[in-house]
Amino acid sequence: MGCAFVFGASTARAQEPKVEIGGTLGWTFADGVSGQSVTVPGVGSFDAISPKDSFSWGPRVGVFVTEHAEVGFLFNEQATSLEVSGRLDAGGGTRVDVGDEKIRNYHGYFAWDFGQWDDKVRPYLLGGMGATQYGSVNAQIGGTQRTIGGTTKFSTTWAAGVKFYPTERVALRLESRWTPTYIKSDASGWWCDPFWGCYVVSNAQYSNQFELSGGLTLRF
């Protein structure tokens, strides 16, 4: 009888789902970076450029290496438009759309799922690293149609969420995710000490994406 119990428990554990495949739909609050002011005659002065808040979506796949530890890959795309603006405190505040842009995220991740396999509700924390791709923008500049080239930057992504399992194989996911992408550093002054001498101190600027999303997940 004891052997039968052990065999049954082993069989049940072998059948526990190991893979989750799903997708999310959401809204992303995005920001950009600032720089030196540029004046466009008849339009205004601009010292910041950023993507606008917009709809986002993405698929993902995760593999459970233990009951709690999950490794996987996620893709996310935000269809937005690029916007230049001026500082309000400098008498500006003018905002102009430059053109449509797509921002894509590619991240490998590690997630920790709390609770047990058969729990109906499982909160989780997620962290990952990879790249953010800023697509090219077709813009009307000075009466001429021009293309602003895209770029790809290293980025990380961090999330907290919860999965609700109405059935054993299907989950509803709610998630908030933050993706900071390093863009550039600006010199902010000098720092001097008696041992290392004087050197330039810089302020790093990041373009941030804050996504609130929901989606469906299937596990196998």
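Here are the numbers for the structure shown:
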| read-out | value |
| --- | --- |
| Three-way shape label, the stretch 125-183, alpha-carbon gyration tensor, a/c 1.5 | prolate |
| Distant-in-sequence amide H partners of S136 (H built 1.01 Å from N, under 5 Å) | G150 |
| 5 angstrom amide H check on K52, placed H, neighbours 5+ away | S81, E83 |
| Environment charge at A160 (Cβ cut-off 9 Å; Lys +1, Arg +1, Asp -1, Glu -1) | 0 |
| ³J(HN,Hα) computed for each position of the stretch 69-76 - Karplus, 6.51 cos²θ - 1.76 cosθ + 1.60, integer Hz, glycine/proline x | 8, 10, 10, x, 9, 10, 10, 9 |
| Net charge, G72 excluded, C-beta distance under 11 Å - Lys, Arg +1, Asp, Glu -1 | -1 |
| Amide H within-cut-off set for V19, under 5 Å, with H built and near neighbours excluded | F64, F220 |
| Counted charge near L126, where neighbours are those whose Cβ lies closer than 9 Å (Asp, Glu -1; Lys, Arg +1) | -1 |
| Loop trypsin sites (Lys or Arg not before Pro), the stretch 93-126, which have at most 12 other Cβ atoms in a 10 Å radius of their Cβ (DSSP) | K120 |
| Set of aspartates and glutamates with alpha-carbon distance to K52 below 12 Å, sequence-local pairs under 8 removed | D31, E83, D97, D100, E101 |
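Read-outs: derived from the displayed coordinates by stated rules, not from any lab. Computed from a predicted structure; not experimentally measured. Glycine gets a Cβ as well: all are built from the backbone with ideal geometry, and neighbour counts include every protein chain shown.
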